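Following: one structure in structure tokens, then a few remarks.
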Amino acid sequence: MAVGARSEHEEPEERPSNEGAQAPGEEAADTEAGGKQRSFWKELPLLIGIALLLALLIKTFLVQAFSIPSDSMQDTLQRGDRVLVDKLTPWFGSEPERGEVVVFHDPAQWLEGTATPEPNAVQKFLSFIGLMPSAEEKDLIKRTIAVGGDTVECQKGGPVKVNGKALDEPYIYPGNTPCDDKPFGPLKVPADHIWVMGDHRQDSLDSRYHMDDQTRGFVPVDEVVGRAVVIAWPITRWSTLPIPATFDQPGLNSAMGAVPVTLGVAGAVPLVLWRRRRLTSTSHSR
């Protein structure tokens, strides 16, 4: 028998089982890990900080709330309404379209002499992050009637016309006329500008009343904050702000659309003729 070999009659030694046993120091490590878990109250400031940062980003790039300070957009908007303004689409190159209700920065002291309330510190902070409409910014809200390249006019007793097409404006405040208080035009809207009017025509100092300003009543597109899309408050007035059907009538875009189509045809004809000539010469050379 080899030295160290076990006799066949010997009982096997019982070895301690390691099932469920922990390596030395393992229990201490688990305890330490458990001790490092943060409580809810310690994580709460971080959660609040992230929420405020997201609110600020949304307000800066996506949506912002604005309060309606006057009656110039009745009955579409009432004084005290809160509207949500889409600020995202302008970042992707989208420009205001006819019929949209837009918020824009004061282009040329339109609000000169208009008093604005002085907000407290809490209101300033909440408006800064977008959780409350701004109370001190001098922004305006009107309806886009005409865009760059359009010809717009309105004679006393008549309707507003864009590119010769009369607008049917059911959104005008009951009892108002389209422009009897301040007729205008015809005017050509410069590129990258818009012509705006309030829905309460006889109580709106809109583009018509600033034709002698440096911008001649036209609002630069760069000053547009975004399009008002929803009345969010009060809940009883919740509704969307769609583009009225009159701005989709046939022929309204003819003044702007004819030029690109004509240029496109003029550029395509020589290209087609050149391609046909090349194909013909290639087939003859084979």
- Cβ pairs under 9 Å, 6+ apart, first in the stretch 203-228 and closer than 16 Å to Ser94 by Cβ and among the polar types (S, T, N, Q), second at pLDDT below 90 and surrounded by 15 or more Cβ atoms within 10 Å (Cβ to Cβ): none
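Residues are listed down the side, and each one gets a yes or a no for (1) open to solvent by 50 Å² or more (accessible area, probe 1.4 Å); (2) modelled with pLDDT under 95; (3) closer than 21 Å to Pro96 by Cβ:
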position	(1), (2), (3)
Lys124	yes, yes, no
Glu136	yes, yes, no
Ala146	no, no, yes
Asp150	no, no, yes
Val162	no, no, yes
Leu167	no, no, yes
Tyr173	yes, no, no
- Has the stretch 143-155 got any residue that is in a strand (DSSP E or B), more than 29 Å from Ala65 (Cα to Cα) and among the polar types (S, T, N, Q)? yes
- Starting from the stretch 168-186, keep only residues that are of a type in the set (Val, Ile, Thr), then list their pairs with residues that are open to solvent by 80 Å² or more (accessible area, probe 1.4 Å) whose Cβ atoms are within a distance under 6 Å, requiring at least 6 positions of separation or different chains. none
- Is it the case that the stretch 236-250 has a residue that's of a type in the set (Val, Ile, Thr), at pLDDT 60 or above, closer than 15 Å to Gly99 by Cα and open to solvent by 70 Å² or more (accessible area, probe 1.4 Å)? yes
- Check the stretch 186-201 and report whether any residue there is open to solvent by 60 Å² or more (accessible area, probe 1.4 Å) and on the phi > 0 side of the Ramachandran plot. yes
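The values are calculated or read from the model by the stated rules, or taken from the named source; none is laboratory data. In this text, all values refer to a predicted model and were calculated from it rather than measured experimentally. Note that we place each Cβ from the backbone using ideal geometry, even for glycine, and neighbour counts take in every protein chain shown. Quick note on the areas: whole protein, heavy atoms, side chains included, nothing else; ligands and nucleic acids left out. Shrake-Rupley method; radii C 1.70, N 1.55, O 1.52, S 1.80 Å.
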